Amino acid sequence: MNFLEAEFVQGFMRMADDGWNQGWHERNGGNLSYRVKPEEVEAVKDNFEIKQWQPVGTTVPALAGEYFLVTGSGKYFRNVMIKPEDSFCMIELDEKGENYRIVWGLVNGGRPTSELPSHLMNHEVKKLATDGKYRVIYHAHPANVIALTFVLPLKDEVFTRELWEMATECPVVFPDGIGVVPWMVPGGREIAVATSKLMKEYDVAVWAHHGMFAAGEDFDLTFGLMHTVEKSAEIYVKVMSMRPDKLQTITPEDFKNLAKDFKVTLPERFLYVK
Ligand code: 13P
Ligand code: ZN
């Protein structure tokens, strides 16, 4: 099968394009990765052109031998649809989860995203926690969430509660809450360790003054999660731009009633009295 015609590749490209259209990917901002299923690897492997092994920059033993689709470092989401072979690649991990090699794509050179350590460490945490169900890790630069990191305390409890309050669907879409990573140098193992620690508990991690990471089972759920959190942040920004306080809001009691009817568990620590 032609690589670009495979359904999982099409899904990857569409998600990147959707993110571009939302305005979350200025220049080369953001990156996307997908843990490919064995049968999907099998279906496209005739297209492989295998390159040299390279160090990942961290160790992910639980992902040994797995394949990933991943956007290229310095590549633009804008171009994923227009020149896919130049914009992303498929990589294979070695038997220790320490090195990767490109097996398809990035035809004009380059390497996977500089956030590869964060992507892979998040994949590892999520694979283990969900019995292999989660397959997508998405990093974007959505303006409203980033704006909030300048005015809200950088605490999981505050971001979760404020964003839950801004749209009734939020506690149902991300019942576990949101984690916050303080400002750190991006692109390395240190920020990857901090983010993947939060991903043990949450599906969303905010990077202060930078962006957001979302994790999910498939492209729709992961994109939808990013979209829901960012829209909630947009409502927060609008509300706070109109007046400094809220006349009314969703109360802890309301959240408890919502949790009952929608059969979600909302951790008590987010339902504090203000
Ligand atoms: P890459 O171009 O290396 O993916 O980096 C973009 C980015 O958003 C870094 O956090
Ligand atoms: Zn970034």
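The values are calculated or read from the model by the stated rules, or taken from the named source; none is laboratory data. Not measured: the values here are computed from a predicted model. Here the Cβ is made from the backbone with ideal geometry for all residues, glycine too, and neighbour counts use every protein chain on show. Heads up: the accessible areas ignore ligands, DNA and RNA and are worked out on the full protein's heavy atoms, side chains in. Shrake-Rupley method; radii C 1.70, N 1.55, O 1.52, S 1.80 Å.
Brief remarks on what is shown
- Of the accessible area of the range 155-245, computed with a 1.4 Å probe over protein heavy atoms only, carbon and sulfur atoms account for 55 percent.
- Figure note: T113, T249, T168 ranked by solvent-accessible area, largest first, 1.4 Å probe, ligands and nucleic acids not counted: T168, T249, T113.
- Accessible area expressed per residue, the range 142-274, with surrounding protein chains retained (probe 1.4 Å, Å²): 50
- Ordering G74, S114, W53 by Cα displacement along the dipole of the range 50-117 toward the positive end leaves G74 in first place; charges were set at the Cβ atoms of Lys, Arg (+1) and Asp, Glu (-1).
- Share antiparallel - DSSP beta bridges, the chain, percent rounded to 5: 90
- Convex hull of the range 179-225 built on C-alpha atoms - directionally averaged projected area, nm²: 3.3
- The range 130-197: proportion of alpha-carbon pairs further apart than 21 angstrom, %: 34
- Carbon plus sulfur fraction of accessible area for the range 25-64, probe 1.4 Å, in percent: 48
- Values of log10 I(q)/I(0) for the chain across q = 0.07, 0.09, 0.10 Å⁻¹ run -0.25, -0.41, -0.51, by the Debye formula with one identical scatterer at each alpha carbon and no solvent.
- Taking every DSSP helix (H) stretch of at least 4 residues in the chain, weighting each as -39,500 (n - 2.57) and dividing the sum by the residue count yields a mean residue ellipticity at 222 nm of -11500 deg cm²/dmol.
- Look at the dipole of the chain built from charges on Cβ: of Q248, H139, F3, the Cα furthest out on the positive end belongs to Q248.
- Accessible surface, per residue, of the range 1-68 when the full set of protein chains is kept, probe 1.4 Å, Å²: 52
- For the range 131-274, the square roots of the Cα gyration tensor eigenvalues, ordered a ≥ b ≥ c, give a/c of at least 1.5 with a/b no greater than b/c, which places it in the oblate category.
- Summing Cβ point charges (Lys, Arg +1; Asp, Glu -1) relative to the Cα centre of the chain gives a dipole of roughly 680 debye.
- Accessible-area value, L69, 1.4 Å probe, nucleic acids and ligands omitted, Å²: 0
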